[in-house]
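The values are calculated or read from the model by the stated rules, or taken from the named source; none is laboratory data. Because the structure is predicted, anything quoted here is derived from the model rather than measured. We place every Cβ from the backbone using ideal geometry, glycine too, and count neighbours over all the protein chains shown. Note: accessible area is taken over every heavy atom of the protein model, side chains too, but ligands, DNA and RNA are not part of it. Shrake-Rupley method; radii C 1.70, N 1.55, O 1.52, S 1.80 Å.
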Amino acid sequence: MSGEKKDLRYSRTDRLLQEAFLELLKVKSVDRITIRDLTERAGINRCTFYHHYQDIYDLLEQIEDGVMEHVLEMMRGFHPNREEDVSRRYFECFCQYIYENRTVYCVLTNGQESRFIKKLLKMISEYMAGLSGKENDGDKQSREYAVVYSIGGVVGVLHKWMKEDFESSPEVVAGFISSVFLNGMKDIL
């Protein structure tokens, strides 16, 4: 068997397991999902599951890491500056990605204290903190607070958007986030 066919089967199996897992997460907490539940839903045997993952939490972590890597790739594709069009295009890309993958995001961000949200916030904070290149100036703490504040606001808006079942379009949400991100609340209040 060629390596390409094996890779395609491996990818297909991962996709089936991940989709089944996300479906189960809609109705059960992660600690209530069994390997049996998962493999039956995916139509995969237990040995195949263990060939791909160590346990349920390994599967969850790989899904989270895949989403985070995709978000990081998107962030790296935009060069940060204060131009509104760049900011808006980035947030449109980001909101569109969330909209297209809404099931994944809704399941992974279920609850305010979600492990995924904490990991995502940490990754984005570290990325944003590294952008300024001003590691030695005296206002480092203010920059760190500004980054955390901004990210928290963006996450809050996205969380509200998800809770409202994506009622607004990705473009509308991205426009709002971009405007507040660049201009603050002065024009809204």
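Looking only at region 135-189, filter to residues that are among the acidic types (D, E) and farther than 24 Å from L108 by Cβ; which one of those is least open to solvent (accessible area, probe 1.4 Å)?
From region 135-189, those among the acidic types (D, E) are 135, 137, 139, 144, 164-165, 167, 171, 187; that's our starting set.
If we keep only those that are farther than 24 Å from L108 by Cβ too, we end up with 135, 137, 139, 144, 187.
On the way: E135: 94, D137: 65, D139: 85, E144: 88, D187: 115 Å².
So, considering only residues that are among the acidic types (D, E) and farther than 24 Å from L108 by Cβ, the one least open to solvent (accessible area, probe 1.4 Å) is D137.
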task: Those residues that are open to solvent by less than 50 Å² (accessible area, probe 1.4 Å) and either free of Cβ contacts under 8 Å to residues at least 12 places away in the same chain or among the aromatic types (F, W, Y) (or both), I need them from region 87-107; list them, please.
output: Y90, F91, F94, Y97, Y105
task: List every residue pair whose Cβ atoms lie under 8 Å apart, where the two residues are 6 or more positions apart in sequence or sit on different chains, the first residue falls within region 45-62 and is among the acidic types (D, E), and the second residue, located anywhere, is open to solvent by less than 80 Å² (accessible area, probe 1.4 Å).
output: D55/I35
- prompt: When both residues are 6+ apart or on different chains and their Cβ atoms are under 9 Å apart, which pairs have a first residue that lies in region 12-30 and is free of Cβ contacts under 8 Å to residues at least 12 places away in the same chain, and a second that is in a helix (DSSP H, G or I) and surrounded by 15 or more Cβ atoms within 10 Å (Cβ to Cβ)?
  reply: K28/D37
statement: Taking region 114-133 and the residues there that are small (G, A, S), at negative phi and not in a helix (DSSP H, G or I), the one that is modelled with the highest pLDDT would be S114
